[in-house]
Amino acid sequence: MFSAPSGPVRFNHMRIINKFPLVADQILGKTIFGGISFASVAVIVMFLLVMAEIIARKVFNATTYVSGELTEYCLVAIIMFALADLLKKRQHLTVGIITEKLPQRIRDVADFIFSKVIFLLYCAFLTFICFRLVWESYKLHVVTASITHTPIWIPQSMIVLGLLILDITLITEIISWFCSKSTKKGEI
């Protein structure tokens with residue numbers, strides 16, 4: 001019924017190289033969308049917390065006691081979960097004063113080295129340091145000094161998760177860059 005292919009089976013690495021950016025982009029897109037969705041919910045929660053505090057102070061001459069702290073946690077979530085989306089859409093800040101005078105090919109390589117490779121090394125180091133901080137906070141049962149006594153590892157873990165998404169985005173961008181160069185080289 002099924003026949004084995006005649007001759008040696010050849011591994012088609014170009015097919016994998018060509019498909020990687022598409023598959024990685026789909027998976028990463030869903031991950032980034034999840035992060036942006038979480039950040040959007042954090043914006044709404046932050047708005048509601050601020051409004052509740054304003055109403056409590058103006059109408060009831062009281063305070064919620066927790067809105068300031070929870071708003072800070074929301075702000076961390078908004079920033080950290082939006083980073084990968086900014087990078088993917090290339091809306092992050094770049095310094096073009098030096099690179100704009102370079103030829104396009106050198107500009108592309110400089111952009112790759114500084115915006116991707118060095119940034120990945122920095123982010124990976126930052127992720128490692130932040131993960132150690134979260135782990136120590138978890139092991140030592142560190143809580144906030146506020147009325148909520150929130151375990152501090154919970155808001156700290158938002159930093160680590162945001163950085164992990166950013167790290168994965170950078171790794172995917174680097175691999176996609178090499179795949180595009182490999183594809184172009186194969187076409188020549």
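Readers should treat all values here as calculations from the given coordinates under stated rules, not as data from a laboratory. All of these numbers come straight from a predicted model, not from anything done at the bench. Positions of Cβ are generated from backbone atoms using ideal geometry, with glycine treated the same way; all protein chains shown enter the neighbour counts.
Residues of segment 136-171 that are surrounded by fewer than 14 Cβ atoms within 10 Å (Cβ to Cβ) and assigned to a helix (DSSP H, G or I): 136, 139.
Tell me, yes or no, whether segment 32-47 has at least one residue that is assigned to a helix (DSSP H, G or I), polar (S, T, N, Q) and within 21 Å of the chain's Cα centre (by Cα).
Yes - at least one qualifying residue is present in segment 32-47.
Among residues of segment 35-53 that are closer than 12 Å to residue 77 by Cα, those with a Cβ under 6 angstrom from a residue that is assigned to a helix (DSSP H, G or I) and among the hydroxyl-bearing types (Ser, Thr, Tyr), sequence gap 6+ or separate chain, pair up as 46/71. Given the condition over 12 Å from the mean Cα position of the chain (by Cα), assigned to a helix (DSSP H, G or I), among the charged types (D, E, K, R) and surrounded by 16 or more Cβ atoms within 10 Å (Cβ to Cβ), answer yes or no: does some residue in segment 93-107 qualify? No, there is no match, as no residue in segment 93-107 is over 12 Å from the mean Cα position of the chain (by Cα), assigned to a helix (DSSP H, G or I), among the charged types (D, E, K, R) and surrounded by 16 or more Cβ atoms within 10 Å (Cβ to Cβ). Scanning segment 90-138 for residues that are in contact (Cβ under 8 Å) with a residue 12 or more places away in the chain and of a type in the set (Asp, Glu) yields one hit, 111.
Scanning segment 51-82 for residues that are within 17 Å of residue 157 (Cβ to Cβ) and not hydroxyl-bearing (Ser, Thr, Tyr) turns up 69, 70, 72, 74, 75, 76, 77, 78, 79, 80, 81, 82. Residue check: residue 141 meets all listed conditions (1) touching a residue at least 12 places away in the same chain (Cβ under 8 Å); (2) touching a strand residue (DSSP E or B) at 6+ places or on another chain (Cβ under 9 Å); (3) not β-branched (Val, Ile, Thr) but one, namely (1).
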